[in-house]
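Reading through the structure tokens given below for one structure.
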Amino acid sequence: MDKIYRVNMSSLQCSVEPVPTPWAGLGGRALTSAIVAKEVPPTCHALGENNKLVFAPGMLSGTTAVNSGRLSAGAKSPLTGTIKESNAGGTAAQVLARLGVKALIIEGIPKGDGWYGLHVNSDGVTIVEETELIGKGNFAVIEALEKRLGKTGVLTIGPAGEMKMLAANISVRDIDGKLRSHGRGGLGAVMGSKRIKFIALDGEGTTAVSLADSAKFTQAARTFAQAIMNHPGTGQGLPTYGTAEMVNIVNAAGGLPTRNFLHGQYHDNEKISGETLRETIIERGGNPSHGCQSGCVIKCSQVFVDKKGKYVTSGLEYETIEILGANAMIGDLDVIAEADHLMDDIGIDSIETSVAIGVAMDGGVLPFGDGQGVLRLLREDLRAGTPLGRTIGSGAGNVGKLYGVTRVPVVKNQAIPAYDPRAIKGIGITYATSTMGADHTAGYAVATNLMGVGGGVVDPLKKDGQVELSRHLQIATVMLDSLGLCLFIGFPSADDPTCVPAIVDMLNARFGLELTPEWFGGLGITTLKTERAFNQAAGFTSEHDRLPEFFREPLAPSGAVWDFTGDEIDQFWNF
Amino acid sequence: MIEVTVNLLATFRTDRFKEEQQQVPEGTTVGAVVSGMGITEREVGMALVNGRHAPMAHPLTHGDVLHLAPWIAGG
Ligand code: SF4
């Protein structure tokens with residue numbers, strides 16, 4: 001029987017509860033958002049005792065469906081003040097699903113200044129005091145817990161989360177004992193506010209999740225995997241170059257944020273491209289195509305090694321490479337990989353922090369291109385929590401305010417990632433309207449705008465069709481985020497007519513339901529509206545669905561400007 | 001004859017080149033350059049002329065920069 005695990009950190013008590021009927025058919029983002037909306041007062045302080053941290057595996061997590069192991073984490077975000085859902089790969093979702101845990105809800109704040117760890121297993125949750133690992137980086141936590149408890153699933157925060165930095169993330173152990181992250185929105189600070197250093201997830205004694213119709217499931221799962229492999233994006237591009245494949249593409253289209261969003265092209269793009277990343281990794285004996293969870297057939301991740309062949313980092317994403325490489329003008333994959341490792345270990349979002357560094361450079365804190373300066377900043381300031389480290393760790397918006405910078409790329413105080421919205425207007429609509437603050441994954445219009453992937457061509461430099469495109473994508477993305485599927489499944493879903501029916505069949509065969517593809521659309525709409533209602537009750541209005549003023553200035557070299565009116569953007573919510 | 005710069009991205013580079021200056025007859029289309037390299041039009045995910053999307057029938061002019069990428073989905 002599925003259940004809810006609830007942990008009250010104020011009373012240090014745990015309970016196991018039945019799943020209320022309205023939540024029974026939900027999972028992932030649809031569930032975390034439903035729980036946060038129902039149980040968290042929208043106006044509460046995100047780091048106070050009334051906020052709750054909710055984890056929910058996707059509806060297909062724990063099954064043999066490929067790429068289905070994403071875990072959603074939800075809360076009110078201390079960075080944005082909005083509702084937040086951030087999902088990650090790794091192994092935790094599969095363990096929770098096999099334990100039959102629909103959601104893990106953590107509420108309250110303990111008295112005193114002690115720290116705790118949570119042990120989750122088939123009996124429930126145990127809260128244990130923790131001293132040894134406090135102050136430690138995420139890699140040390142993973143290693144120590146492996147010695148202590150064996151190869152369990154782990155969720156952990158680094159020093160950034162302990163210090164409640166607004167860009168702190170929650171890390172998830174991956175299949176090789178490395179990390180993936182619930183990156184965005186400062187959920188690591190929420191976990192830190194509850195004084196939880198780690199959550200160990202022990203799936204011992206569990207078996208695969210039960211299926212209502214296993215023959216039907218296997219058949220549909222096969223069709224689904226085939227659709228992923230047949231699509232050029234998920235079958236060839238991502239496995240070959242990882243997400244860094246986008247560097248040269250976006251640069252060619254003039255939308256590559258450079259020098260804190262001053263230019264749209266970077267002269268050293270080849271130094272940080274996916275093509276160069278792949279060559280470098282192969283030359284040095286690393287792994288150019290690595291999966292972060294068992295059952296991944298796309299393998300967008302990679303293992304980056306240094307010149308001597310020693311491990312530096314895995315899961316080096318386009319976003320991090322671009323924002324440090326071009327936007328902060330570092331242009332050196334070795335420095336970027338080292339910075340990525342440090343950010344993972346400190347437990348801080350590599351998007352928010354990298355954009356914050358670009359803003360800090362604009363504010364004169366350090367020169368553009370100063371890679372060694374960035375590494376020093378991370379090692380000495382971020383990790384130790386010096387005043388400068390805390391400033392950077394509180395995100396791009398706050399850095400901009402403190403240093404008097406006017407070009408501050410944030411929406412709802414969350415950093416805009418590595419696509420300039422002037423040259424790729426569809427993603428600008430997503431940045432503006434997402435219930436999460438600026439977030440490219442909420443409705444990835446880039447693929448459609450630049451490549452015609454995922455639903456036909458929409459000219460990136462024109463306004464026509466962008467609002468409708470972003471709306472369509474944001475609704476569909478809720479489906480993926482709720483099923484526990486990698487975002488990349490969106491590409492075959494849009495382009496291959498066998499993909500969505502196979503997903504629906506898997507879901508029906510898993511739960512013994514008779515859902516239709518329309519049901520998914522409904523789930524997307526309901527979830528987005530629930531999230532928006534939370535934000536409105538927290539004080540957000542349409543005026544917050546806007547891009548910063550500086551995007552009205554022309555972007556070199558194309559001269560593109562952000563020219564949407566408020567009224568045009570607000571049409572997004574007409575559904 | 002006119003001169004155009006052809007930039008290949010991702011797997012299009014394999015056994016070809018990253019960037020090349022090509023002399024082509026005036027009025028040559030994007031599609032003609034593509035097939036001249038043994039690439040089928042269906043394989044092309046993105047064709048940009050001077051940073052703007054261009055159809056296969058688009059005629060090139062002297063000094064144009066052409067970027068060609070296979071179907072790539074994103075990051
Ligand atoms: S495609 Fe990438 S993010 Fe998704 S499961 Fe595979 S490695 Fe992880």
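Students often forget the sequence filter, so: which lysines lie under 23 Å Cα-Cα from A:Lys462 once same-chain residues fewer than 8 apart are removed?
Excluding near neighbours in sequence, the set is A:Lys425.
To the nearest 0.05, what FRET efficiency results for A:Lys151 and A:Lys308 with a Förster distance of 35 Å applied to their C-beta separation?
Once rounded, the FRET efficiency stands at 0.80.
Can you compute the charge dipole magnitude of region A:3-201 about its Cα centre, using +1 on each Lys and Arg Cβ and -1 on each Asp and Glu Cβ, nothing else charged? Give it in debye, rounded to the nearest 20. Display every interim value, and only then the final one.
Working: 23 positive and 15 negative charges, 73 e Å.
It comes to approximately 360 debye.
Heavy-atom accessible area per residue, chain A, 1.4 Å probe: how many Å²? Could you put the intermediate results ahead of the total?
Numbers: 18570 Å² over 575 residues.
Here the per-residue accessible area is 32 Å².
Along its principal axes, what span do the Cα atoms of region A:3-201 show, with the longest given first and each in whole Å?
39, 39, 29
Can you give the FRET efficiency for A:Thr218 and A:Trp519, using 1/(1 + (r/R0)^6), R0 = 25 Å, r = Cβ-Cβ distance, to the nearest 0.05?
Numbers: r = 22 Å, r/R0 = 0.89.
Efficiency for this residue pair is about 0.65.
May I ask you to list the lysines whose Cα is less than 16 Å away from that of A:Lys151, ignoring any residue fewer than eight positions away on the same chain?
The qualifying lysines are A:Lys178.
Go through region B:3-24 and flag every residue whose accessible area shrinks by 40 Å² or more with all protein chains in place compared to the isolated chain (probe 1.4 Å).
B:Leu9, B:Ala10, B:Arg13
Step by step: find N for region B:2-70, compute 2.2 N^0.38 Å, then divide the Cα radius of gyration by it. What's the final number? Mind dumping the intermediate values first?
On the way: Rg = 10.6 Å, N = 69, 2.2 N^0.38 = 11.0 Å.
Compactness ratio reported: 0.96.
Please compute the average number of Cβ atoms from other chains found within 10 Å of each residue's Cβ in peptide A:445-452.
Numbers: counts 1, 3, 6, 1, 1, 7, 10, 4.
What the average comes to for A:445-452 is 4.
Considering only protein heavy atoms, what is the solvent-accessible area of B:Thr40 at a probe of 1.4 Å, reported in Å² to the nearest 10?
About 70 Å², rounded to the nearest 10.
Among A:Ser314, A:Ser11, what's the order by accessible area (1.4 angstrom probe), most exposed first? Spell out each step's value before the answer.
Details: A:Ser314 5, A:Ser11 60 Å².
Of A:Ser314, A:Ser11, the descending order of accessible area is A:Ser11, A:Ser314.
Average partner chain C-beta neighbours within 10 Å, per residue of A:251-259? It would help to have the intermediate numbers written out before the result.
Working: counts 3, 11, 7, 4, 1, 0, 0, 0, 0.
That works out to 3 on average.
From the protein chains alone at 1.4 Å, what is the descending order of accessible area for A:Glu352, A:Glu568, largest first?
Working: A:Glu352 0, A:Glu568 65 Å².
So, going from the largest accessible area down, we get A:Glu568, A:Glu352.
At a probe size of 1.4 Å, how large is the accessible area of A:Arg284, to the nearest 10 Å²?
The value for A:Arg284 is about 50 Å².
Cα atoms only: what Rg and Dmax, in Å, come out for the protein assembly as shown?
23.5, 81
Using only protein heavy atoms and a 1.4 angstrom probe, determine the accessible area buried between A and B, summed over both sides, in Å² to the nearest 100. Write out the running numbers ahead of the final one.
Working: alone 19500 and 4590 Å², together 22110 Å².
Roughly 2000 Å².
Residues of A:232-243, mean number of Cβ from any other protein chain within 10 Å of their own Cβ, rounded to a whole number?
Values: counts 7, 6, 1, 2, 6, 10, 4, 0, 5, 5, 1, 4.
Mean number of neighbouring Cβ atoms from other chains: 4.
Between region A:39-104 and region B:25-39, what is the separation of their alpha carbon centroids in Å?
51
What is the Rg over Rh value, at two decimals, for region A:428-558, using alpha-carbon atoms and the Kirkwood definition of Rh? Walk me through the intermediate numbers first.
Working: Rg = 16.3 Å, Rh = 16.1 Å.
Expressed as Rg/Rh, it is 1.01.
Heavy atoms only, probe 1.4 Å: what % of the accessible area of the protein assembly as shown goes to carbon and sulfur, would you let me know? Walk me through the numbers on the way to the answer.
Values: 11240 of 22110 Å².
Carbon-and-sulfur percentage of accessible area, whole number: 51.
Which order, highest average first, do A:335-347, A:271-283, A:486-498 follow once you tally other Cβ atoms within 10 Å for each residue and take the mean per peptide? Write down the numbers at each step before the final one.
Values: A:335-347: 24.7, A:271-283: 19.3, A:486-498: 22.4.
Sorting A:335-347, A:271-283, A:486-498 by mean packing, highest first, produces A:335-347, A:486-498, A:271-283.
Could you give the Stokes-Einstein D for region A:239-290 in µm² per second, using the C-alpha Kirkwood radius, 25 °C, 0.890 mPa s?
Numbers: Rh = 11.5 Å.
The calculation lands on 213 µm²/s.
Viscosity 0.890 mPa s, temperature 25 °C: Stokes-Einstein D of region A:155-294 from its Kirkwood Cα radius, in µm² per second? Please report the intermediate quantities before stating the final value.
Numbers: Rh = 18.9 Å.
The calculation lands on 130 µm²/s.
What is the gain in length, in nm to one decimal, between A:Ser15 and A:Lys462 on full extension, counting 0.36 nm per residue of separation less the C-alpha to C-alpha distance? Provide the component values of the computation, followed by the final result.
Numbers: separation 447, 0.36 × 447 = 160.92 nm, distance 5.34 nm.
Length difference between fully extended and current span is 155.6 nm.
Structure shown: which of A:Lys38/A:Lys84; A:Lys76/A:Lys194; A:Lys3/A:Lys412; A:Lys84/A:Lys164 lie over 23 Å apart, alpha-carbon to alpha-carbon? Could the numbers behind the result be given before it?
On the way: A:Lys38/A:Lys84 14 Å; A:Lys76/A:Lys194 13 Å; A:Lys3/A:Lys412 34 Å; A:Lys84/A:Lys164 16 Å.
Going by Cα-Cα distance, A:Lys3/A:Lys412 fall outside the 23 Å limit.
If I take all pairs of Cα atoms in region B:30-75, what percentage of them are more than 12 Å from each other? Display every interim value, and only then the final one.
Details: 617 of 1035 pairs.
Across region B:30-75, Cα pairs with separations above 12 Å total 60 percent.
What distance in nm separates the two pseudo spin-label positions at A:Glu129 and B:His58, each 7 Å out from Cα along the beta-carbon direction?
Placing both labels 7 Å along Cα→Cβ, they lie 6.8 nm apart.
Evaluate E = 1/(1 + (r/R0)^6) for A:Glu568 and B:Arg42, where r is the Cβ-Cβ distance and R0 equals 41 Å; express this FRET efficiency to the nearest 0.05.
Details: r = 35 Å, r/R0 = 0.85.
With a Förster radius of 41 Å, E is 0.75.
By a straight-distance test (C-alpha under 19 Å), which lysines pair with A:Lys307 as possible cross-link partners, with residues fewer than eight away in the same chain excluded?
A:Lys271
The values are calculated or read from the model by the stated rules, or taken from the named source; none is laboratory data. Keep in mind the model is a prediction, meaning the values are calculated, not measured. All Cβ positions, glycine included, derive from the backbone under ideal geometry; neighbour counts span all protein chains shown. Heads up: the accessible areas ignore ligands, DNA and RNA and are worked out on the full protein's heavy atoms, side chains in. Shrake-Rupley method; radii C 1.70, N 1.55, O 1.52, S 1.80 Å.
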